[in-house]
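Student: Okay, handing you the structure first.
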Amino acid sequence: MTRRVFVRRLVLNSICDDGENVDQIILWEVNRDAAKCGLTIERAEVVDALVQLVEGGLAEAWILSEWPGKSVKVDGMPPMNAIEEKFTTYFVITEKGKKAHLSDDSWYPFDDEGNLRPDWHPDIT
């Protein structure tokens, strides 16, 4: 598996149960998990993974509003060049993304307790 694919899977895993913001949650969760595998992931890699997921129809971007019913789905990938100050851009998994996420967990490096599986060997290039 390439590093790019691994990061994409970690990002999809991060948004699989709730909409998340890159700078508040996704980057932190991806690096928490990657660190257990001996890796550090840059923000640009997470943004690149989100671009791939959005373009592939596996995730959607939303601009959240503090007012009920005023959040807006973004067509495509919004600009994510800088760290957000107000944390309004959130990414959510789509039905297609859920199916892809649930279809194969052989890549996942952790056991049920969140420890690195002893039989998992990084073949990340």
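Student: Looking at 27, 64, 50, 10, which is the one that is under 14 Å from residue 109 (Cα atoms) and aliphatic (A, V, I, L, M)?
Tutor: Just one listed residue meets the conditions, 10.
Student: Filtering the range 61-93 down to residues that are closer than 12 Å to residue 23 by Cβ and among the acidic types (Asp, Glu), which residue is modelled with the highest pLDDT?
Tutor: Of everything passing the filter in the range 61-93, 84 is modelled with the highest pLDDT.
Student: Are any residues in the range 81-97 under 17 Å from residue 26 (Cβ atoms) and among the basic types (Lys, Arg), and if so, which ones? Step through it out loud before you land on a result.
Tutor: Initially, the range 81-97 is screened for residues under 17 Å from residue 26 (Cβ atoms), giving 81-94, 97.
The answer is 86, and nothing else.
Student: Shifting gears a bit: Mind checking which pairs have a first residue in the range 6-18 that is more than 11 Å from residue 91 (Cα to Cα) and in contact (Cβ under 8 Å) with a residue 12 or more places away in the chain and a second that is among the hydroxyl-bearing types (Ser, Thr, Tyr) and surrounded by fewer than 19 Cβ atoms within 10 Å (Cβ to Cβ), Cβ under 9 Å, 6 or more apart or different chains?
Tutor: Note: pairs meeting the criteria are 9/108; 13/108.
The values are calculated or read from the model by the stated rules, or taken from the named source; none is laboratory data. Since the model is a prediction, treat every value here as computed from it, not as a measurement. Note that we place each Cβ from the backbone using ideal geometry, even for glycine, and neighbour counts take in every protein chain shown.
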